[in-house]
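A short worksheet on the structure shown next.
The values are calculated or read from the model by the stated rules, or taken from the named source; none is laboratory data. It should be emphasised that the depicted structure is a prediction, and the values quoted were computed from it without experimental measurement. Here Cβ is always computed from backbone atoms with ideal geometry, including for glycine, and neighbour counts include all displayed protein chains.
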Amino acid sequence: MKLYLVTSNENKLKEVRLILPAGFDVESIETIAPKKDIVEDSATFFGNSLKKIEAYKDLGVPLLADDSGLVIDSLGGFPGVNSARFMENSHYLTKMQIILDRMVDEENRAARFVCAALFYDPSNGVLVGVEGKVDGIIARKQSGESGFGYDPIFVPQGYSQTFGVLGDSVKKELSHRAKAFKKLFSLVYLYTGKK
């Protein structure tokens, strides 16, 4: 089954492909349609995912979308749904350093990555949504070059290294996006009968 992921982020597409089950193929929506500027201003990850689906559902193809973010307890959930848009034109190295600077004396380093993923079936308008999350802590410094986004400052629960050090082999089993899309693909399989 061919699915189209509403993203222009090659790293996100790569992560989804790493956990893609047999019988599914995923491409970026931009292989069949021009990029649209989608204003992701919802207060929830699901709301932003839905905006992505809404922007392309008129194409009549099966769609996938997700919105993800880093939620830090001691910062009141910041950056949360604004993870990508926080200092939007700045490199993630700068964004991460600002977060680390804000937390320099903070003992409560609890955080989680959250991903809300959606599947849309154009034949009948069915929308299936799931959430995946991974708990952990914010490291004291940036570490590692694997992954993308905030991976170099996030240490998943049960590990002593950041996602930036742990790399794709761990991330494809443990990350918020992996958990969400594994659940989503299981539901899509049940829904469509395809694996």
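Filter the stretch 44-81 down to the residues that are among the β-branched types (Val, Ile, Thr) and in contact with a Gly (Cβ under 6 Å, 6 or more places away or on another chain), then identify the one that is farthest from Tyr120 (Cα to Cα).
Taking the stretch 44-81 and keeping what is among the β-branched types (Val, Ile, Thr), we get 44, 53, 61, 71-72, 81.
Next cut, in contact with a Gly (Cβ under 6 Å, 6 or more places away or on another chain) only: 71, 81.
Values: Val71: 26, Val81: 21 Å.
That would be Val71.
Scanning the stretch 39-53 for residues that are more than 18 Å from Val130 (Cβ to Cβ) and surrounded by 15 or more Cβ atoms within 10 Å (Cβ to Cβ) yields one hit, Glu40.
Going by the conditions given, is Lys141 modelled with pLDDT of 95 or more and either under 23 Å from Leu13 (Cβ atoms) or basic (Lys, Arg) (or both)? Explain how you work it out, then say what you get.
Values: modelled with pLDDT of 95 or more: yes; either under 23 Å from Leu13 (Cβ atoms) or basic (Lys, Arg) (or both): yes.
In short, yes.
Would you mention how many residues in the stretch 22-31 are in a loop (DSSP other than H, G, I, E, B) and at pLDDT 95 or above? Give the steps one after another, and end with the answer.
So in the stretch 22-31, the residues in a loop (DSSP other than H, G, I, E, B) come out as 22-24.
Okay, now just the ones that are also at pLDDT 95 or above, so none.
Total satisfying the criteria: 0.
Residue by residue, here is whether (1) among the acidic types (Asp, Glu); (2) part of a loop (DSSP other than H, G, I, E, B); (3) over 14 Å from the mean Cα position of the chain (by Cα); (4) modelled with pLDDT of 95 or more holds:
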| site | (1), (2), (3), (4) |
| --- | --- |
| Leu3 | no, no, yes, yes |
| Ser8 | no, yes, no, no |
| Glu15 | yes, no, no, no |
| Leu20 | no, yes, yes, no |
| Ala33 | no, yes, yes, yes |
| Val39 | no, yes, yes, no |
| Ser42 | no, yes, yes, yes |
| Gly47 | no, no, no, yes |
| Lys52 | no, no, no, yes |
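Can you confirm whether Lys12 is exposed (fewer than 12 other Cβ atoms within 10 Å of the Cβ) and in contact (Cβ under 8 Å) with a residue 40 or more places away in the chain? Taking the combined requirement at face value, the residue does not satisfy it.
Screening Glu30 against (1) of a type outside the set (A, V, I, L, M, F, W, C); (2) surrounded by fewer than 18 Cβ atoms within 10 Å (Cβ to Cβ); (3) under 17 Å from Leu187 (Cα atoms) leaves a single unmet condition, (3). Would you confirm, using the coordinates I've provided, whether Leu63 is crowded, with 23+ Cβ neighbours inside 10 Å and more than 13 Å from the chain's Cα centre (by Cα)? Criteria met by Leu63.
Does any residue of the stretch 89-101 turn out to be within 30 Å of Phe185 (Cα to Cα) and at pLDDT 95 or above?
In the first step, residues of the stretch 89-101 are kept if they are within 30 Å of Phe185 (Cα to Cα); the result is 92.
Okay, now just the ones that are also at pLDDT 95 or above, so none.
No.
Taking the stretch 54-82 as the range and being farther than 21 Å from Lys133 by Cβ and in contact with an Asp or Glu (Cβ under 8 Å, 6 or more places away or on another chain) as the test, only Pro62 passes.
The stretch 77-195 holds helices (runs of 4 or more DSSP H) entirely within its bounds, and those carrying 1 or more residues that are among the basic types (Lys, Arg) and farther than 30 Å from Ile29 by Cα map to 92-102.
In the set Leu13, Leu75, Leu50, Leu3, which member is of a type outside the set (Lys, Arg) and closer than 18 Å to Phe163 by Cβ?
On the way: Leu75 fails: closer than 18 Å to Phe163 by Cβ; Leu50 fails: closer than 18 Å to Phe163 by Cβ; Leu3 fails: closer than 18 Å to Phe163 by Cβ.
None of the other options fit; the residue is Leu13.
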